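Here's the structure we're looking at; comments come further down.
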Amino acid sequence: MSEQETKSGGSSLDKTLNLLQEVCAAKVPLRFADLVDKTDLPKATAHRILMSLSEKGLVRFDEVTQLYHPGYGLLELAHQAWAKIDVRDIAADQIKHLWDETGETIHLAVLDRGDVIYIDKLESQKSLRLFSAVGKKGPAYCTGVGKAMLAFLSEEQLVAAIKEQSFIKHTDTTFINEKMLRDDLLKIRESKISLDLEEHEEGIQCAASVILNHRNEPVAALSITVPKFRIDDARFKHFQILVKEACRKVSARMGATTPNNP
């Protein structure tokens, strides 16, 4: 594009992005004339941009229908972008928000072959000693974060993950077999809330929820962990609402199309 054209109607990048956005956002594929009308671009400029986008695979033109569609190259770009996203960065403000709101320990964890790995943690503002530490592994079947992620695995993935569980009885409330765990996972999938009611550590409770990616797959979970002696039912219920909303926001940022809505 000429310098004059750039100055008179926004930058070349703005024009290109606006045109690409129109192609992608359209409920039905558009014709060239429709795109010109929607973008107010000169026909020559619009044609030049569309040719360039087509060459890059970002726009696809159907010769038969004369309609423009989003290109398959967009899928490749999206895949590359998602692969580089660090959930810790995406969730950082929500971790801090939960910590500010509750004053309790906040965990961010991922699932690894049936175990949970804690990848971020903000310690309670009050004295509290816990099993967890950043980089440490824990069992999935008896932790809030673990069950939050297990609940959203495909059946094939869940079968494999359950085979990795030891079902060791840590406390009186620990699930000790597959049926007990699966019954709880059904409730978690429905409510989007996972509770650890002293299942891993005596006197420790946590409320957790899942973070989903752009394929609506579980990629992480957040939890609020608190000693039972300093929380009542009303406050614990409030924690559940807070963590569920935090995970809903992070899931939306990760591209989830069915984030865990309240």
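The values are calculated or read from the model by the stated rules, or taken from the named source; none is laboratory data. Only a predicted model underlies this, so the values are computations on that prediction, with no experimental measurement involved. Glycine also receives a Cβ, built like all others from the backbone with ideal geometry; neighbour counts cover every protein chain displayed.
Of all the numbered requirements in (1) in contact with a helix residue (DSSP H, G or I) (Cβ under 7 Å, 6 or more places away or on another chain); (2) farther than 11 Å from TYR141 by Cα; (3) touching a residue at least 40 places away in the same chain (Cβ under 8 Å), GLY203 misses one, and that requirement is (3).
Looking at ALA221, ALA246, which one is touching a His at 6+ places or on another chain (Cβ under 7 Å), within 26 Å of GLY135 (Cβ to Cβ) and among the small types (Gly, Ala, Ser)? Give the derivation first.
Values: ALA221 fails: touching a His at 6+ places or on another chain (Cβ under 7 Å).
On inspection, the qualifying residue turns out to be ALA246.
Could you list, ordered by first residue, the pairs with Cβ atoms under 7 Å in which the first is in the range 11-31 and outside the structural domain of VAL64 (by TED's automatic domain parsing) and the second is of a type outside the set (A, V, I, L, M) and surrounded by 12 or more Cβ atoms within 10 Å (Cβ to Cβ), at least 6 apart or interchain? Correct list of pairs: empty, since none qualify. Quick check on the range 58-66. Is at least one of its residues assigned to a helix (DSSP H, G or I), loosely packed, with under 15 Cβ neighbours inside 10 Å and modelled with pLDDT of 90 or more? No, the conditions are met nowhere in the range 58-66.
Can you name the residue in the range 206-218 that is in contact with a strand residue (DSSP E or B) (Cβ under 9 Å, 6 or more places away or on another chain) and surrounded by fewer than 24 Cβ atoms within 10 Å (Cβ to Cβ) and is also nearest to ASP183 (Cα to Cα) among such residues? Walk me through it before giving the result.
We begin by selecting, within the range 206-218, every residue in contact with a strand residue (DSSP E or B) (Cβ under 9 Å, 6 or more places away or on another chain); these are 206-213, 218.
Applying the additional criterion that residues be surrounded by fewer than 24 Cβ atoms within 10 Å (Cβ to Cβ) yields 213, 218.
On the way: ASN213: 24, PRO218: 19 Å.
Among them, the one singled out is PRO218.
Among the conditions (1) out of contact with any strand residue (DSSP E or B) (no Cβ under 6 Å at 6 or more places or on another chain); (2) touching a residue at least 12 places away in the same chain (Cβ under 8 Å); (3) in a helix (DSSP H, G or I), ILE188 misses just one, which is (1).
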